[in-house]
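These notes concern the structure reproduced below.
The values are calculated or read from the model by the stated rules, or taken from the named source; none is laboratory data. Here the structure is a predicted model, which means the values were calculated and not measured. Here Cβ is always computed from backbone atoms with ideal geometry, including for glycine, and neighbour counts include all displayed protein chains. In case anyone asks, the SASA skips ligands and DNA or RNA and just uses the protein heavy atoms, side chains included. Shrake-Rupley method; radii C 1.70, N 1.55, O 1.52, S 1.80 Å.
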Amino acid sequence: MSAIPGIAVFDIGKTNKKFFFFDEDYQIVEEEMQSFYETRDEDGFPCDDIHAIGNWVKRKLAEKLKDPAIKLRAVNFSTYGASFVHIDAAGRPVAPLYNYLKPFPEDLGDLFYYRYGGREQFATETASPVLGNLNSGLQLYRIKEQQPHLFGEIQQSLHLPQYLGFLTHGKLFSDITSIGCHTALWDFRKNDYHQWVTEEGISSKLAPLFPSDGTIDTLIEGQPLKCGVGLHDSSAAFIPYMCMIKEPFVLLSTGTWSISMNPFNKNPLTTKELQQDCLSYLTYQGMPLKSSRLFAGNEHEEAVKKMAAFYHVNPKYFHDIRFTPELAMPADDRSVASQFVFSGEQTVEKTYHDLIQHLVKKQKHSTELVLDDTDVKQLYIDGGFARNEIFMNLMAQAFPHMEVYAASVSQATATGAALAIHADWNTKEDAAHLLEVKRYTV
């Protein structure tokens, strides 16, 4: 039997680290999931072990290059954002992979924003709310101010996808999807790095940009390999939809965060929108992607835990509750509480319908922030809530003038990373068959 040609993708999430091998039809030939013990930074805050992750990536890639059952043509990487790996002149990490959840010092933030026009102006210029360590550029500013000796040791700071690429091809590059994602590094008005990056001496620590849809030729184990530069996971997950949907659309990607993304909204972010958790990403083609965020998945998970304990049922019970119109009301524009509270006087089914109704009301407001002033008529919903028929039916009621679809692309983030460099490894024309949809109507 001849070896199967294809691409390897490392998809690195906060919880699970995954390896995939896709054939030319984007079918998953091999999948492996790993988790690693966290380590701690100098302040005792937990963070991913960059050495363990890097060693696993190198070991796995070498193993697959020797596998006679497959022909590895290319490799790419997608990882969570706000994750700098700081390396010295020899290419070795000289600092922990600082956790984006680590609190950012308030006094340091006050000083920074005082220097650069205030929080509101700066957030507008960089198209991101003020998010502390999630604004990964400020991680470098923090090191410069609080650990000047470490700052001097740093030769280059690479976002995690580009560091994994560096381990493979040995080149130092940045990528626009990582730089343009709530980093506070990019000025969306000028379409260039923000002035503070130069003024604070940060620009010398950043590698040159490399095209997100390009590849670097390398030899590993004596075999030629096309290496992608790596992508931020939210941008990677959007790529399959950009490639496969021809009409204007909004994608609501649901998980811990529910993120509404509208590539057809060209209006600059306003201060009011930023205050409501809107931001812009840069796509792998370098175009702004106006988005809004809602912590809906997390709220759902926490509420289900409380309901399960109160009603003495397994949390999995809620997965099987079917949509019952009599138990649900359409999500309207009336005010909605910030958190769901239940009395316990109703049945578990009615209470769960009320929870989803509560979330849909919040989701309607969040999604409408990016729909404003556009003629988009299609709303695609993927992720966990796309498999929740109560949520989907109520979303169809909430958006009666739109075509509302539950959409699915298997392993969309990893697939997106593979699609980004499709032309450099795949002999087939497209992958339109990957998108599965189901329409919900009122």
Summed side-chain charge close to D25 - residues other than D25 whose Cβ falls under 15 Å, Lys, Arg +1, Asp, Glu -1: -3
Assigned charges on the beta-carbon of Lys, Arg, Asp, Glu; the chain dipole about Cα centre (debye): 280 debye
Relative contact order (%) - criterion: Cα under 8 Å, at least six apart; region: segment 13-161: 23 percent
Antiparallel bridge percentage (DSSP; both residues within the chain; nearest 5): 65 percent
Segment 16-119 shape via C-alpha gyration tensor axes, a/c threshold 1.5: prolate
Segment K246-T347, extension gain: residue separation times 0.36 nm, minus the distance between their alpha carbons: 32.0 nm
Virtual spin-label span in nm between Y311 and S2, 7 Å along Cα→Cβ: 5.5 nm
Anisotropy class of segment 196-290 from Cα gyration tensor, a/c 1.5 cut: oblate
F323-L219 FRET efficiency (beta carbon distance; Förster radius 45 Å; 0.05 resolution): 0.25
Summed residue charge, Cβ within 12 Å of L379's Cβ, Lys/Arg positive, Asp/Glu negative: -1
Long pairs among K60/K290; K17/K71; K64/K246; K316/K428, criterion Cα-Cα beyond 30 Å: K60/K290; K64/K246; K316/K428
About the Cα centre, charge dipole magnitude for segment 276-346 (Lys/Arg +1, Asp/Glu -1 at Cβ), debye: 220 debye
Among V370, V197, V304, residue whose mean-square fluctuation peaks in a GNM of the chain (springs only between Cα atoms under 10 Å): V304
Summed residue charge, Cβ within 15 Å of P46's Cβ, Lys/Arg positive, Asp/Glu negative: -3
The chain, relative contact order in percent, only Cα pairs under 8 angstrom and at least six apart counted: 16 percent
Potential lengthening between A337 and Q276 on full extension [0.36 nm per residue; Cα-Cα distance subtracted]: 20.4 nm
Max mean-square fluctuation residue, GNM over the chain, Cα-Cα springs under 10 Å, options I179, I220, I70: I220
At q = 0.26 Å⁻¹, base-10 log of I(q)/I(0) for segment 103-183 (Debye sum, equal scatterers on each alpha carbon): -1.27
222 nm mean residue ellipticity, helices alone, for the chain (DSSP H n ≥ 4; -39,500 (n - 2.57); rounded to 500): -9500 deg cm²/dmol
Inter-probe distance in nm under a simple model that places probes 7 Å from Cα toward Cβ, at D192 and E24: 4.4 nm
Segments 91-102, 375-386 sorted - mean Cβ within 10 Å per residue, highest first: 375-386, 91-102
Most to least accessible of K316, K144 (protein chains only, probe 1.4 Å): K316, K144
Square roots of 5 times each gyration tensor eigenvalue, C-alpha, the chain, largest first, Å: 35, 28, 21
Whole-Hz couplings from phi, Karplus 6.51/-1.76/1.60, listed for segment 195-200; x for Gly and Pro: 4, 5, 4, 6, 4, 8
Full-stretch length increase - F36, N55 - with 0.36 nm per residue and alpha-carbon distance subtracted: 5.7 nm
Sequence-separation-based contact order of segment 150-242, relative, with Cα cut under 8 Å and 6+ spacing, percent: 33 percent
Loop trypsin sites (Lys or Arg not before Pro), segment 157-240 (other Cβ atoms within 10 Å of the site Cβ: 12 or fewer; DSSP): R189, K190
Candidates V29, V130, V75: whichever shows maximal mean-square fluctuation once the chain is modelled as a Gaussian network with Cα springs under 10 Å: V29
Separation of alpha-carbon centers, segment 307-330 and segment 373-435, rounded to whole Å: 26 Å
Heavy-atom accessible area per residue - the chain, 1.4 Å, Å²: 44 Å²
Accessible area in the full protein assembly, largest first, 1.4 Å probe, for C47, C243: C243, C47
